[in-house]
1. Here's a check for you: in segment 245-272, which residue that is hydrophobic (A, V, I, L, M, F, W, C) and touching an Asp or Glu at 6+ places or on another chain (Cβ under 9 Å) is surrounded by the fewest Cβ atoms within 10 Å (Cβ to Cβ)?
2. Quick check on segment 152-159. Is at least one of its residues among the basic types (Lys, Arg) and in contact (Cβ under 8 Å) with a residue 24 or more places away in the chain?
3. Can you name the residue in segment 224-244 that is among the small types (Gly, Ala, Ser) and under 23 Å from residue 54 (Cα atoms) and is also farthest from the chain's Cα centre (by Cα) among such residues?
4. Looking only at strands (runs of 3 or more DSSP E) that fall completely inside segment 1-113, which ones have 1 or more residues that are under 19 Å from the mean Cα position of the chain (by Cα)?
5. Looking at 247, 214, which is the one that is basic (Lys, Arg) and more than 18 Å from the chain's Cα centre (by Cα)?
6. When you go through (1) farther than 17 Å from residue 185 by Cα; (2) part of a helix (DSSP H, G or I) one by one for residue 231, which number turns out not to apply?
7. Would you be able to tell me the number of residues in segment 284-296 that are surrounded by 14 or more Cβ atoms within 10 Å (Cβ to Cβ) and either without any contact (Cβ under 8 Å) to a residue 24 or more places away in the chain or not aliphatic (A, V, I, L, M) (or both)?
8. For residue 16, are the conditions met, namely being crowded, with 18+ Cβ neighbours inside 10 Å and of a type in the set (Asp, Glu)?
Amino acid sequence: MNPTEKILYSRNHPYDAPVLKVKQLNSPDSDKETNHIEIDLSGSGLTYKPGDALGVYPVHHEEYVKELLEIVNATGDESVILDSDDETDLRHALSSMCSLNNITVKFLKLILSKVTDLEKSKELESYIKNRSELTDWDILDIFHKYPVENLKPQELVSTLANLSPRLYSIASSIKKHPGEVHLTVVKVVYEIHNRVRKGVASSMLGERVTPGDRIPVFIKESKFALPDNPATPIIMVGPGTGIAPFRAFLEEREMTKATGKNWLFFGDRKIKTDFLYQDEIEAYKKSGLLTNLDLAFSRDQEHKIYVQNRMKEKAAEIYQWLEDGACFYVCGDAKNMGKAVDLTLREIIQKQGGKTEEETKEYVSQMKKERRYQRDVY
């Protein structure tokens, strides 16, 4: 390759980026573990803007792969060929190339072909017709319930889905941290089917990588972005790890000396243990970069308080900001928080603006058209 030729890293050609730092953001006595991860992009040519996401290719836990190899009576050194026609060993395929959480129809049919028990065969046939019953299952769960013999490494790998990258909202401004990208990742741990399960990427980032390790990454551009006019006010609603892009927004506004007002709604479980980036946020409030800061820690009182409750308390002021042209952003859980915040925003617009339901829909629709209402929910 020509020494002056620029390498373009992408989803299909990720950059092996060195990890610089992993720091737990929650206090040790919290019942959650959220990690701040700093990654080195210097020399890669990769750049990003606030609101973009970082794609991370995860690796399955070594113990998980070891148990799976034992179940299929394999050493891991067996040669297998993947969909991409790449040849590798079984251990590497299961660790880094194949999804062990996605139960495919091909995999179920393979197990069905090996099962001799009639009742179990009927169960598997039912699952093949309706995989929604297996939403919380992984490959090991199936092997535990339906033990099989004489399973060849190649036929197993041929039935598994590809391991997909995980996308995380970037939690930094490259203007403030040249050559770096930061993430805010909560470690997913839960128990189901008598097993402790861990998020593939979140546990890798939170407990298995250390400074100096390299992880394959790429930038995923997003339309979730700051307004073009730096004088535009912004309202940010980001509980938990939803704070990530708003840390990037605030850093960017600080570095560019943007004149627009900034309002942050942040919440989590307990203020003493779960106030992510507390020092930074309080410093921004003290300096005036954060015009308004409203906090909602759900478990610090008898009745739970969420960000949408704080929004209702400030309904008149929120509506005035919107009338003054503010952009409204929300990031985090789509199923509960995202829906609740959207409903609360519409209620505020309807009541404070004295609008009908139809007029409120039109108001929100216009905000979306103007990119003044943006959602990064998952």
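1. In the first step, residues of segment 245-272 are kept if they are hydrophobic (A, V, I, L, M, F, W, C); the result is 246, 248-250, 255, 258, 263-266, 271.
In the following step, the residues that additionally are touching an Asp or Glu at 6+ places or on another chain (Cβ under 9 Å) were identified as 248, 250, 258, 263-266, 271.
Working: 248: 28, 250: 25, 258: 20, 263: 20, 264: 25, 265: 26, 266: 24, 271: 14.
So, considering only residues that are hydrophobic (A, V, I, L, M, F, W, C) and touching an Asp or Glu at 6+ places or on another chain (Cβ under 9 Å), the one surrounded by the fewest Cβ atoms within 10 Å (Cβ to Cβ) is 271.
2. Of the residues in segment 152-159, the ones among the basic types (Lys, Arg) are 152.
Those still in the list that are in contact (Cβ under 8 Å) with a residue 24 or more places away in the chain too: none.
The answer is no, given that none of the residues of segment 152-159 is among the basic types (Lys, Arg) and in contact (Cβ under 8 Å) with a residue 24 or more places away in the chain.
3. To start, the set of residues in segment 224-244 that are among the small types (Gly, Ala, Ser) comprises 225, 231, 238, 240, 242, 244.
Applying the additional criterion that residues be under 23 Å from residue 54 (Cα atoms) yields 225, 238, 240, 242, 244.
Details: 225: 17, 238: 13, 240: 11, 242: 9, 244: 10 Å.
My answer is 225.
4. Numbers: elements: 15-24, 34-40, 53-56, 79-81, 87-89.
Those strands (runs of 3 or more DSSP E) span 15-24, 34-40, 53-56.
5. Working: 247 fails: more than 18 Å from the chain's Cα centre (by Cα).
So the residue among 247, 214 that is basic (Lys, Arg) and more than 18 Å from the chain's Cα centre (by Cα) is 214.
6. (2)
7. At the first step, the residues of segment 284-296 found to be surrounded by 14 or more Cβ atoms within 10 Å (Cβ to Cβ) are 284-285, 289-296.
Then keep just the ones that are either without any contact (Cβ under 8 Å) to a residue 24 or more places away in the chain or not aliphatic (A, V, I, L, M) (or both); that gives 284-285, 291-292, 294.
The qualifying residues number 5.
8. On the way: crowded, with 18+ Cβ neighbours inside 10 Å: no; of a type in the set (Asp, Glu): yes.
Considered against the rule, which asks whether it is crowded, with 18+ Cβ neighbours inside 10 Å and of a type in the set (Asp, Glu), residue 16 comes out as no.
Bear in mind that the values in this text are calculations on the coordinates, not laboratory data. Everything numeric here is computed off the predicted structure, so don't read it as measured data. So basically every Cβ, Gly included, is an ideal-geometry build from the backbone, and we count neighbours across all protein chains shown.
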